[in-house]
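*Asks:* Dropping the structure in here first, questions after.
The values are calculated or read from the model by the stated rules, or taken from the named source; none is laboratory data. Note that this is a predicted model, so its numbers are computed, not measured. Cβ: placed from backbone, ideal geometry, glycine included. Neighbour counts: every protein chain shown. Ligands, DNA and RNA are stripped out before the accessible areas are found, and what is left, the full protein with its side chains, is counted by its heavy atoms. Shrake-Rupley method; radii C 1.70, N 1.55, O 1.52, S 1.80 Å.
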Amino acid sequence: MMTTPDEFETQRRKIIQGRNRMLGLVLAGFAVLFFAISIAKMSH
């Protein structure tokens, strides 16, 4: 079964979108982590 160039492009975009979403979540997680650590350090 051969995929047409359009199907290949759509598939590629879905993969890239998923990767970008995961990367965004990881970066947001790091931001929250640093924020929590800085709040904890200020409270001491």
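*Asks:* Compute the whole-percent fraction of alpha carbon pairs in the chain spaced more than 12 Å apart.
*Replies:* Working: 669 of 946 pairs.
Everything past 12 Å amounts to 71 percent.
*Asks:* Considering only protein heavy atoms and a probe of 1.4 Å, how much of the accessible area of the chain is carbon and sulfur, as a whole percent? Please list the in-between numbers first.
*Replies:* On the way: 3120 of 4470 Å².
Carbon plus sulfur share of accessible area: 70 percent.
*Asks:* Counting helices only, and only those DSSP H runs with n ≥ 4, report the 222 nm mean residue ellipticity of the chain as the sum of -39,500 (n - 2.57) divided by its residues, in deg cm²/dmol to the nearest 500. Display every interim value, and only then the final one.
*Replies:* Numbers: 1 runs with 39 residues, N = 44.
One gets -32500 deg cm²/dmol as the mean residue ellipticity at 222 nm.
*Asks:* With axes computed from alpha carbons, what is the tilt in degrees of helix 5-43 against the longest principal axis of the chain, rounded to the nearest 10 within 0 to 90?
*Replies:* 0
*Asks:* Net charge near Arg19, counting Lys/Arg +1 and Asp/Glu -1 over other residues with Cβ under 13 Å of its Cβ?
*Replies:* Once positives and negatives cancel, what remains is +4.
*Asks:* If you count only protein heavy atoms with a 1.4 Å probe, what accessible area per residue comes out for the chain, rounded to a whole Å²? Before the final figure, lay out the partial values.
*Replies:* Numbers: 4470 Å² over 44 residues.
Per residue, the chain has 102 Å² of solvent-accessible surface.
*Asks:* Next question, about the same structure. Pop the C-beta distance of Leu33 and Glu9 into the FRET formula with R0 = 30 Å and round what comes out to the nearest 0.05. The partial results should precede the final answer.
*Replies:* On the way: r = 36 Å, r/R0 = 1.21.
Calculated value: 0.25.
*Asks:* Which one, Val26, His44, Gln11, projects farthest toward the positive side of the charge dipole computed for the chain from Cβ point charges (K/R +1, D/E -1)?
*Replies:* The listed residue farthest towards the positive side: His44.
*Asks:* With +1 on each Lys and Arg Cβ and -1 on each Asp and Glu Cβ, and nothing else charged, work out how big the dipole of the chain is about its Cα centre, in Debye to the nearest 20.
*Replies:* Details: 6 positive and 3 negative charges, 43 e Å.
Here the size comes out at about 200 debye.
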